[in-house]
């Protein structure tokens with residue numbers, strides 16, 4: 001698209017939604033138009049507007065291009081909670097709201113920017129925007145995240161993920177009461193057929209996905225669930241729980257405001273998906289030692305847990321993985 005485009009809304013487009021009108025006025029795809037609007041690149045009469053804004057005859061629309069991505073991620077002095085570190089790798093407790101690596105709309109303020117400022121890693125990395133990143137967590141998911149300090153370590157640990165030799169434990173607050181106290185969700189996941197930013201178990205093209213789960217407790221219209229995903233599909237736990245009819249509290253992508261309406265205020269108004277990557281177990285690529293690393297719960301989840309009439313966790317995540325990491329689904 002040109003650097004800046006300007007349009008005057010003609011009579012035949014008056015009353016149209018902004019995003020639909022732009023599909024007529026420009027050569028951009030609908031997904032690109034959506035991205036432009038979400039990243040404040042579109043103004044109507046000088047004001048930022050949402051996709052559903054209804055246009056009036058004579059309105060001036062100004063469309064600016066997305067900013068160009070940097071050639072490489074830049075260091076930023078941002079706080080990080082380091083859970084484990086050696087000369088090969090580290091684990092951090094990613095806070096909710098922090099993006100893992102730079103991407104359109106979020107070129108700064110990410111985990112990668114913070115890592116580069118702290119350690120200056122990955123000279124000669126093949127991906128200059130994602131140096132050291134072994135796996136990802138969604139922006140609003142908190143918890144333990146592994147990062148590599150050199151390309152060899154990154155490749156070796158990534159292979160463990162690919163070969164399903166890494167054990168992961170998540171904790172989620174889900175809406176309602178699950179029919180079974182433990183089990184296995186085997187539903188393939190792929191891109192949603194019409195909403196391209198979402199994943200779905202009803203995709204035209206999908207890949208196998210397996211999540212084992214165990215209900216920890218039930219109260220106040222919610223279930224506290226431990227999950228042990230064996231695959232690593234995008235949004236896997238969120239999609240799988242929603243497919244069972246029990247979306248994660250706060251997840252407006254795979255749930256809805258209506259699903260949270262009967263919950264207590266602290267749960268109904270929770271500002272993100274209540275999902276935490278609690279623990280991870282893998283083989284250290286240099287020492288061959290089995291490592292189990294875990295992240296404490298963030299303050300927002302601890303406030304929820306304090307309202308529940310049962311103990312959230314009596315054992316350490318390492319003990320839970322030893323006991324339940326592979327066994328309960330077969331019982």
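Just from its helices, what would the mean residue ellipticity at 222 nm be for the chain, if runs of 4 or more DSSP H residues each count -39500 (n - 2.57) and the sum is divided by every residue, rounded to the nearest 500 deg cm²/dmol?
Calculated mean residue ellipticity at 222 nm is -5500 deg cm²/dmol.
Over segment 5-63, what portion of Cα pair distances is larger than 19 Å, expressed as a whole percent?
Here the long-distance tail beyond 19 Å is 13 percent of all Cα pairs in segment 5-63.
With everything on Cα atoms, drop me the angle between helix 151-162 and the longest principal axis of the chain, reported from 0 to 90° to the nearest 10.
Long axis of 151-162 versus the principal axis of the chain: about 80 degrees.
Assuming a viscosity of 0.890 mPa s and a temperature of 25 °C, what translational diffusion coefficient in µm² per second does Stokes-Einstein assign to segment 82-162, Rh being the Kirkwood radius over Cα pairs?
Roughly 194 µm²/s, to the nearest whole number.
Give me D for the chain in µm² s⁻¹, whole number, from Stokes-Einstein with Rh from the Kirkwood sum over alpha-carbon pairs, 37 °C and 0.692 mPa s.
149 µm²/s
Averaging sequence separations of C-alpha pairs under 8 Å and six or more residues apart, then dividing by the length of the chain, give the relative contact order as a whole percent.
Over the chain, the number comes to 14 percent.
For the chain, modelled as a Gaussian network with Cα springs under 10 Å, which listed residue fluctuates most, 63, 157, 215?
Residue with maximal mean-square fluctuation among 63, 157, 215: 63.
Which one, 196, 278, 226, has the greatest fluctuation when you compute a Gaussian network model over the chain with C-alpha springs under 10 angstrom?
In this elastic network of the chain, the residue with the biggest mean-square fluctuation among 196, 278, 226 is 196.
Apply 1/(1 + (r/R0)^6) to the Cβ-Cβ distance of residue 81 and residue 184, taking R0 = 35 Å, and write down the FRET efficiency to the nearest 0.05.
The formula returns an efficiency of 0.60 here.
Hey, could you pull the Cα Rg and Dmax for segment 156-275, both in Å?
14.5, 47
Taking just the alpha-carbon atoms of segment 207-331, what radius of gyration and Dmax come out, in angstrom?
For segment 207-331, the Cα-based Rg and Dmax read 15.6, 51 Å.
Using only the Cα atoms, work out Rg/Rh for segment 5-104, with Rh taken as the Kirkwood radius, to two decimals.
My calculation of the ratio gives 1.21.
Read-outs: derived from the displayed coordinates by stated rules, not from any lab. Remember, predicted model here, so these are calculated numbers, not experimental data. Note: ideal-geometry Cβ built from the backbone for every residue, glycine included; neighbour counts use all protein chains shown.
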